[in-house]
Amino acid sequence: MTEEREHHITDTHPGLLPEHIGCIADTLADPDQIRTSFRFANAKMFTRWFEGLREGKYLVVVVVSDGFPFERHWIITAYIARRLASSGDIEWTKS
Amino acid sequence: MDKKLTFRYDRQGDILYINTCPSYSEQESEEIGDEIVARVNPKTGEIENIEVLFFSTRLFRTEIFDLPITAHFAHSRLAADRTSMSQSGKYDNH
């Protein structure tokens, strides 16, 4: 995650960083579900439920992948959610 | 009292923020559909911030960009004038 995005998430989703940076890493490494955005095909939403996160919440990390001029995958935002909507195509679910 | 709306566009992330107040850590967040996230007052349940992901991709489509929320617009100066006229009695005959 870039420093700029870290500041951005801290500003727009206070309470997430830096306390729960480990949850962001765990969500990307071992998600419960990955959705592909309806709106932007290069974006994926990694989601995982954490029992101990604010008495049980989802963490969603939105990652955009670029192929040009070089390949990179970067976090645009992340948020703690008490409820998910049926946004995006479910690409993968943990069995 | 009604709160003013402020808009902020995050160009790097292509996210539009519509705010009635700054975000604070006690708020609850939830996805409200169409890749839009709402931040909600934990006591009142009122939506205080809206986060529209992939905002620019919506502008180039022909369909109406529709937020899944309802709104009531009131001009802050006109509302203040109206209150002032009402208090001075100028508005009573209408």
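Specify the residue with the greatest mean-square fluctuation among B:Arg77, B:Arg58, B:Arg39, computed from a Gaussian network of chain B linking alpha-carbon atoms under 10 Å apart.
In this elastic network of chain B, the residue with the biggest mean-square fluctuation among B:Arg77, B:Arg58, B:Arg39 is B:Arg77.
Buried accessible area between B and A (1.4 Å probe, both chains summed, ligands and nucleic acids excluded), in Å² to the nearest 100?
On the way: alone 7750 and 6280 Å², together 11500 Å².
Result for this pair: about 2500 Å² buried.
Whole number in Å², please: accessible area per residue of chain B, 1.4 Å probe, ligands, DNA and RNA not counted. It would help to have the intermediate numbers written out before the result.
Numbers: 6450 Å² over 94 residues.
Per residue, chain B has an accessible area of 69 Å².
Give me the mean projected area, in nm² to one decimal, of the convex hull enclosing the Cα positions of the protein assembly as shown. Don't jump to the answer; show the numbers that get you there.
Details: hull surface 56.8 nm².
Spelled out: convex hull of the Cα atoms, projected over all directions, averaged, 14.2 nm².
Would chain A count as rounded, prolate or oblate if I go by the C-alpha gyration tensor, calling it rounded below 1.5 in a/c and otherwise prolate when a/b exceeds b/c, oblate otherwise?
oblate
Taking only Cα atoms, what is the 0 to 90° angle, nearest 10, from helix B:76-88's long axis to the longest principal axis of chain B?
It is inclined by approximately 20 degrees.
Quick one: net charge of A:Phe40's neighbours, Cβ under 9 Å, K/R +1, D/E -1?
Values: positive: A:Arg39; negative: B:Asp14, B:Glu35.
Neighbour charge sum, excluding A:Phe40 itself: -1.
Using a 10 Å cut-off around each Cβ of peptide A:21-29, what is the average number of partner chain Cβ atoms that fall inside? Walk me through the intermediate numbers first.
Numbers: counts 0, 0, 0, 0, 0, 0, 0, 0, 0.
Other-chain Cβ atoms within 10 Å of each residue's Cβ, averaged: 0.
Can you pull the mean other chain C-beta count within 10 Å for peptide B:24-36? Walk me through the numbers before you get to the answer.
Working: counts 2, 7, 3, 4, 6, 12, 9, 13, 3, 4, 6, 11, 3.
Mean partner shielding for this stretch: 6.
Could you rank the peptides B:21-34, A:33-46 by their average count of other C-beta atoms within 10 Å per residue, with the highest value first? Present the calculation step by step, with values, prior to reporting the outcome.
On the way: B:21-34: 16.6, A:33-46: 18.9.
Going by the mean number of other Cβ atoms within 10 Å, highest first, we get A:33-46, B:21-34.
Quick one: accessible area per residue over chain A, 1.4 Å probe, rounded to a whole number of Å²?
Values: 5050 Å² over 95 residues.
Each residue of chain A exposes 53 Å² on average to a 1.4 Å probe.
What is the Cα centroid distance between the stretch B:54-88 and the stretch B:1-43, reported in whole angstrom?
15
Return the subset of A:Lys57/B:Lys4; A:Lys57/B:Lys3; A:Lys44/B:Lys4; B:Lys4/B:Lys43 for which the Cα-Cα distance in this structure is over 22 Å, preserving the input order. Let's see the in-between values first.
Numbers: A:Lys57/B:Lys4 30 Å; A:Lys57/B:Lys3 29 Å; A:Lys44/B:Lys4 33 Å; B:Lys4/B:Lys43 20 Å.
Beyond 22 Å between Cα atoms: A:Lys57/B:Lys4; A:Lys57/B:Lys3; A:Lys44/B:Lys4.
How large is the translational diffusion coefficient of chain B in µm² per second when you combine the Kirkwood radius over alpha carbon pairs with Stokes-Einstein at 20 °C and 1.002 mPa s?
Answer, rounded: 137 µm²/s.
Can you list the residues of the stretch B:40-66 whose accessible area drops by at least 20 Å² going from the chain on its own to the full set of protein chains, with a 1.4 Å probe?
Output list: B:Glu51, B:Leu53, B:Phe54, B:Thr57, B:Arg58, B:Arg61.
Helix-only mean residue ellipticity at 222 nm, chain A, DSSP H runs n ≥ 4 weighted -39,500 (n - 2.57), per residue, nearest 500. What is it? Walk me through the numbers before you get to the answer.
On the way: 2 runs with 19 residues, N = 95.
Estimated from H runs of four or more residues: -6000 deg cm²/dmol.
The values are calculated or read from the model by the stated rules, or taken from the named source; none is laboratory data. Remember, it's a predicted structure, so these values are computed and weren't measured experimentally. No Cβ is skipped: glycine too gets one built from the backbone with ideal geometry, and neighbour counts run over all protein chains shown. All accessible areas refer to the heavy atoms of the entire protein, side chains included, with ligands and DNA or RNA removed. Shrake-Rupley method; radii C 1.70, N 1.55, O 1.52, S 1.80 Å.
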